[in-house]
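What follows is calculated from the coordinates using simple rules that are stated; it is not laboratory data. Since the structure is predicted, the reported quantities are computational estimates derived from the model, not experimental observations. So basically every Cβ, Gly included, is an ideal-geometry build from the backbone, and we count neighbours across all protein chains shown.
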Amino acid sequence: MNISEDWLSVIIAFVLMALAILGVIAPALVKF
Amino acid sequence: MSTKVNNTPQSAGGNSLAMSLVGFALVVVLAFVARWAKYQVYGTELPFGIPGKVLEYPLWAALIGLVVNGILKAVKLHEPLKGGFRTELFLKIGLVLLGASVSFQVILTAAFGAVIQGIIMVTSVYMFCWWLAGKFGLPDTLRAVMSTAVSICGVSAAIAAAGSVLAKKEEITYVTALVIITALPLMVIAPLIAQAMNMPEPVAGAWFGGNVDTTAAVVGAGTIYGETAQKIASIVKQTQNALIGIVAFLLALYFSTMVEGKKEKPSASIIWKRFPKFVLGFIVASLLYTFGVIQKGDAMDAMMGMKDWAFCLAFVCMGLELSVGEFKKMGWSPVIVYLIVTVFNTLLALVVSWVIFGWLFPISAV
């Protein structure tokens, strides 16, 4: 299955959001 | 999925994936270097009273990317690694994450002004570029690709337009290089001008969004100027990006009927096909924030940290992906046209954004 870059970016971003909401990714871990 | 087995291509594919991963790892390392460089100058004051904040991470990331780009090309490693250089992907991930911090009310207000600004800017700049490029005798396909790139959003618009008018590959590469070469200095100069003019952040953001050609540099300029400017610049640019599909459709219609003389018309489905779908992700993220699913606190801080990392990766890739080889083949006429149109675009966007976002639809808080 081919997935466009646009949809891939949306999927990755929402997975990252979910991980942040669940507390798996802590702010200190990704502090820029 | 195909069941045929062919050792050579699979092996090449495996190598290609491995090299792409190495390329990605390199981008991550360079992003760490850019972050380190940012902290070295942040808070200092440069000559002529220029604040060190101007040297924010977008500039460092792009410069480091450019230097490493040159090194990789010299040692012939750029081509194998370039699969890991994904400016657009990282940028879009960052933009969707940014949506989680923007109220939908702000999107509606800003997008309304951005649609008006977008229509004025896209039509005026497109027409001016098309006319000027004609005066300089550039081929119609190059005129179309360049006009779309300079009036909408650089690289992705150039690719969309090229698909509609069946432009040559070297014309896309050429315009892409032009876009990045002009956008990089503008990313730094535009915030400096905005600061000298004491421009409010929403107006400055709207100006960057309407004027700087590529979305990465728009976000970069907004980041340098301030948080509100970053948000407004992103909204304005994404609204403008959403016009790609309509322009691509009109171009396909014009070229197939007027230039090639075909009777059948292109399908309007191209409007959806070319619509930047990540904009939908940005809107959904904003709705989640607006309705309280995402709240300020640790989760939001983590998302904004990841957003900055995603943008930093995109800026590194922007430097890494610059290619100037095509300039020698095409000569200087297109460069002159592009630079004149960029100046026109910059000045017109300054007036239009000030009238719309400073007077007609002012945004006080984000």
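Hydrophobic long helices, here whole DSSP H runs in chain B with Kyte-Doolittle means of at least -0.5 and Cα atoms spread over 24 Å or more along the helix axis, are found at B:7-41, B:57-74, B:104-135, B:169-196, B:298-321, B:333-355. A convex hull fitted around the alpha carbon atoms of the protein assembly as shown yields 167 Å³ per residue.
Remark on B:K168: its backbone amide H falls under 5 Å from none of the residues 5 or more positions apart or on other chains, H modelled at 1.01 Å from N. Computed packing ranks the peptides B:339-345, B:140-146 as B:140-146, B:339-345, most packed first, by mean other Cβ atoms within 10 Å.
For the pair B:K168 and B:F32 in one chain, pulling the backbone fully straight at 0.36 nm per residue adds 45.2 nm over the alpha carbon distance. With a 10 Å cut-off around each Cβ of B:82-92, the average count of Cβ atoms from other chains is 2. Each residue, B:L17 and B:L192, gets one label point 7 Å from its Cα in the Cβ direction; the gap between the two is 4.6 nm. Computed extension length for B:V351-B:K265: 27.2 nm, one decimal, from 0.36 nm per residue of separation with the Cα-Cα distance subtracted. The modelled label-to-label distance for the pair A:E5/B:I71, using points 7 Å beyond Cα in the direction of Cβ, is 2.5 nm.
Note on B:W60, B:W131, B:W332: ascending count of other Cβ atoms within 10 Å places them as B:W332, B:W131, B:W60, the fewest first. Taking amide H atoms as placed 1.01 Å from N in the peptide plane, the amide H of A:I25 lies under 5 Å from those of A:A20, each 5 or more residues away in sequence or on another chain. Over chain B, DSSP H runs of length four or greater, each weighted -39,500 (n - 2.57), average out per residue to a 222 nm ellipticity of -24000 deg cm²/dmol.
By per-residue mean of other Cβ atoms within 10 Å, what is the highest-first order of B:104-111, B:222-229, A:23-30?
B:222-229, B:104-111, A:23-30
Summary of packing: across the peptides B:303-316, B:68-81, B:195-208, B:165-178, the per-residue average of other C-beta atoms within 10 Å ranks them, highest first, as B:303-316, B:195-208, B:165-178, B:68-81. Could you give P(r) for segment B:240-360, binned at 5 Å from zero, as whole percent values over all Cα-Cα pairs? Going out from 0 Å in 5 Å bins, segment B:240-360 shows 2, 8, 7, 9, 13, 19, 18, 11, 7, 4, 2, 0 percent. Calculated translational diffusion coefficient of segment B:94-360 (20 °C, 1.002 mPa s; Stokes-Einstein with Kirkwood radius over alpha-carbon pairs) equals 114 µm²/s. Round to the nearest 0.05 the FRET efficiency obtained for A:K31 and B:K135 when R0 = 56 Å and r is the Cβ-Cβ distance. E(calc), rounded to 0.05, equals 0.60.
Could you work out, residue by residue across B:287-293, how many beta carbons of other chains sit within 10 Å of that residue's beta carbon, and then give the average as an integer?
Neighbouring Cβ atoms belonging to other protein chains average 1 per residue here.
With the simple spin-label model, which puts each label point 7 Å out from Cα in the Cβ direction, the B:K277 to A:V15 separation comes to 1.5 nm.
Using the Cα centre as the reference, give the magnitude of the dipole from point charges on the C-beta atoms of segment B:94-360 (Lys, Arg: +1; Asp, Glu: -1; all else neutral), rounded to the nearest 20 debye.
On the way: 16 positive and 13 negative charges, 135 e Å.
With only Lys, Arg, Asp and Glu charged at Cβ, the dipole is about 640 debye.
When restricted to Cα atoms, segment B:194-240 yields an Rg and a Dmax of 8.9, 27 Å, respectively. Across the alpha-carbon set of segment B:134-182, the Rg to Rh ratio works out to 0.92, Rh being the Kirkwood radius.
Over 30 Å between C-alpha atoms is what I'm after, so list which of A:K31/B:K277; B:K273/B:K296; B:K38/B:K168; B:K92/B:K328; B:K265/B:K328 land there.
Over 30 Å apart, Cα to Cα: B:K273/B:K296; B:K38/B:K168; B:K92/B:K328; B:K265/B:K328.
Using θ = phi - 60° in the Karplus curve 6.51 cos²θ - 1.76 cosθ + 1.60, the 3J(HN,Hα) couplings for segment A:15-32 round to 5, 4, 4, 4, 5, 5, 5, 6, x, 5, 9, 8, x, 5, 5, 10, 4, 8 Hz; x is entered for Gly and Pro.
Take each residue of peptide B:303-310, count the partner chain Cβ atoms within 10 Å of its Cβ, and average: the result is 6.
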